[in-house]
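Any read-out appearing in this document is the output of simple, stated calculations on the displayed coordinates, not a laboratory observation. Computed from a prediction, not measured in an experiment: that's the story for all the values here. Here Cβ is always computed from backbone atoms with ideal geometry, including for glycine, and neighbour counts include all displayed protein chains.
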Amino acid sequence: MVKQAVFVVAMCMTCLVLSGPHGVGQEQAPSGYRIKPSEVAVPPDVKLGEYQRTTRPFENWTLICDENLQARKRVCNISQSFIDQAQALVFSWSLAADDKGKPFMILRAPSATGAGSKLSLKFAGRKQPVDVQLQACDASVCVGYVPVGPVLREQIGKETTVQVSYSLPSGATVSLDAPFKGLKSALSTIK
């Protein structure tokens, strides 16, 4: 008798939950809430569902590939990011390729650095650092580019650590060690 009463109460509760305007899948969100859009920006000429992003972590680096499934075209980059204690971006860089397949590094620093400022890369075994000018900024980052030539290829192959530094308008200097370890492994998986 008790089991039957529990069953009836459970059935009634289920019916109440599933009935009326508040049924499953029909719940209205309070105003101010909205669906969070995908973090993957789908190109306008690609149908939703025909584009995918894969992310593969490696030691110190992350391989991100975007693929147009219909056109069977895939574009990948390998990134490394540094954040401060407040989770704000301090520095990031990505190894990418241009339309002709030539590799280059995209370097990013906080927008406070300002367009035209320099980011310095000090490589192991080399006296002179490579200075990269930050060319453009938006509200969150400034971006600079450096081609992957013999020096960078050697450093990547040896999995050295690069000392990255830049100055802020306040006069403070940001300096960090960016290891290439893991980049070679990530590169070897791109086909």
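Here are the numbers for the structure shown:
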read-out	value
Cα-centre dipole for region 81-180 with unit charges at Cβ (Lys and Arg positive, Asp and Glu negative), debye to 20	320
By average C-beta atoms within 10 angstrom, highest first, the peptides 134-143, 73-82	73-82, 134-143
Given K122/K181; K118/K184; K118/K158; K73/K100; K127/K184, the pairs whose alpha carbons are separated by over 22 Å	K118/K184; K118/K158; K127/K184
Taking Y166, Y51, Y145, Y33 and counting other C-beta atoms within 10 Å, the order from fewest to most	Y33, Y145, Y51, Y166
